[in-house]
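Scroll down for the structure; my scribbles are underneath it.
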Amino acid sequence: MAKYSAQTLAVRTGIESDSAHGAVVPPIYLSSNFAFADFKAAPQFDYARGGNPNTQLLEQTLNNLEGGQGAIVTNCGLAAITLLMQLLNAGDKLVVPHDAYGGSLRLFKALAAKGQFELVIVDQTDTAAFDAAIADKPAMVWLETPSNPLLRIVDIAATCRKARTVGAKVVVDNTFLSPILQQPLALGADFALHSTTKYINGHSDALGGVVVCSDAEVAENLHWWANCLGLTDCSGLNNYMILRGVRSLGARMRVHQENAGQLVALLTSHPAVSKVYYPGLSSHPGHDIAKAQQKGFGGMISFELHGGLEQVETLLKHVQLFSVAESLGGTESLICYPSTMTHRSMDAEAQALAGIGPTLLRLSVGIEQAEDLVTDLTQALNAVVEN
């Protein structure tokens, strides 16, 4: 299957794998335990925390999509991050972006405060500061590109080359793009991570996470830790639903991007908007890097309004086709106010440092009819100007 495109792999991996009845779509295994044919030898599956056929198939599919040597499915994105933290020891340095997802930063800071590792927070688009952090010989460098919520871009290949000179492992949170649009392992990263809750599942109805590894031995080690700590996704139904979402990933990403392009055109021309953050814009400082390392610019957009909080309130009151909610990557369009939603765990000083301003809004563009989304956002933006 490796010779096929990511979209074909997403659709075909595991199809016709049922050996019992020849089902085209793999069945759901709901059992929490599995019988031993021989009490002296453990079978492939014994207890669902360690894996079941649905978990294994989802791991195989996501591993194929990212071009890895092993994948570990977890019960949510933060569990995937927690799993990777098991590779760090006291005294090790972890370099992370200053504008990462708020939940990720909260976890990094909490674990560092307990002495699990030393945390280095840096603006990774500041080349001198980032190079200095890498030169300090960290054990791990964490990239989030595009970043959440400001869609900053980091050169993955260049970072991996620098990290390799000091023996650092590189993790790329690939949640915003999915393997359809970016494959970090092919660019030299050691790990690709996803909250599969987002684009991979794509329907806002199943939580999950995954770590895909470039090294099979490391993957085995992380499988052990995931089982030991109870970080795995034990639910056959949940994994079945996520895999069902994967099947349409390529088609969904095309529409997400097409719709995002039309909304970017609206936002960049509307008088209510002061700034638009989208790597597909030639004015975006990371545009050239994104164009080189990505296969598309994705369906996430952030923007700022002129004025103050009252304009945010007006906009959110008037939108009809954008649900005011956290998360992203579903078929439905969402609008989020990061300051009090996804990044509320960051204090005001940290938000200001990361560039999360008082009128910043983030769109997860769904797959509704583009014209309807444009019409709806236009009337909401017009209401901002009129009020």
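No lab work stands behind these numbers, since they all come straight from the coordinates. None of these values were measured; they are calculated from a predicted model. Here the Cβ is made from the backbone with ideal geometry for all residues, glycine too, and neighbour counts use every protein chain on show.
Between LYS198 and residues 5 or more places away or on another chain, which pairs have amide H atoms under 5 Å apart, with H built 1.01 Å from N, and which residues are they?
none
Determine one quarter of the surface area of the Cα convex hull of the stretch 118-178, which equals its mean projected area, and express it in nm² to one decimal. Write out the running numbers ahead of the final one.
Details: hull surface 16.1 nm².
Average of the hull's projected areas for the stretch 118-178 equals 4.0 nm².
Mind jotting down the three principal axis lengths of the stretch 260-300 based on Cα atoms? Whole angstrom, largest first.
In descending order, the Cα extents are 32, 18, 12 Å.
In angstroms, what radius of gyration and Dmax does the stretch 129-245 have, counting Cα atoms only?
15.3, 46
Going down the list LYS93/LYS169; LYS169/LYS291; LYS169/LYS295, which pairs span over 19 Å between their C-alpha atoms?
LYS169/LYS291; LYS169/LYS295
Identify, among ALA350, ALA158, GLN262, the residue whose Cα sits farthest towards the positive end of the charge dipole of the chain, taking +1 on the Cβ of Lys and Arg and -1 on the Cβ of Asp and Glu, with the dipole about the Cα centre.
Of the candidates, ALA158 comes out farthest on the positive side.
From zero outward in steps of 10 Å, how is the percent of C-alpha pairs of the chain spread across the bins?
5, 23, 32, 24, 12, 3, 0, 0
Compute a Gaussian network model of the chain, connecting alpha carbons closer than 10 Å, and tell me which residue from THR314, THR61, THR82 fluctuates the most.
THR314
Relative to the Cα centre, what is the charge dipole magnitude of the stretch 250-386, using +1 at the beta carbon of each Lys and Arg, -1 at the beta carbon of each Asp and Glu, and rounding to the nearest 20 debye?
Magnitude of the dipole: close to 440 debye.
What do you get when you divide the Cα radius of gyration of the stretch 250-386 by 2.2 N^0.38 Å, with N the number of residues?
In units of the 2.2 N^0.38 Å rule of thumb, it is 1.01.
Return, ordered by residue number, the residues of the stretch 58-95 whose backbone nitrogen is under 11 Å from a label point located 7 Å along Cα→Cβ of ALA216.
Answer for the stretch 58-95: 69-70.
How many percent of DSSP beta bridges within the chain run antiparallel, rounded to 5?
DSSP beta bridges in the chain are roughly 60 percent antiparallel.
Mind jotting down the distance between the C-alpha centroids of the stretch 275-333 and the stretch 119-196, whole Å?
22 Å
Which trypsin sites (Lys or Arg not before Pro) in the stretch 255-338 sit in a loop by DSSP (not H, G, I, E or B) and have at most 16 other Cβ atoms within 10 Å of their own Cβ?
Numbers: sites: LYS275, LYS291, LYS295, LYS317; in loops: LYS295.
Sparse-neighbourhood loop trypsin sites (Lys or Arg not before Pro): LYS295.
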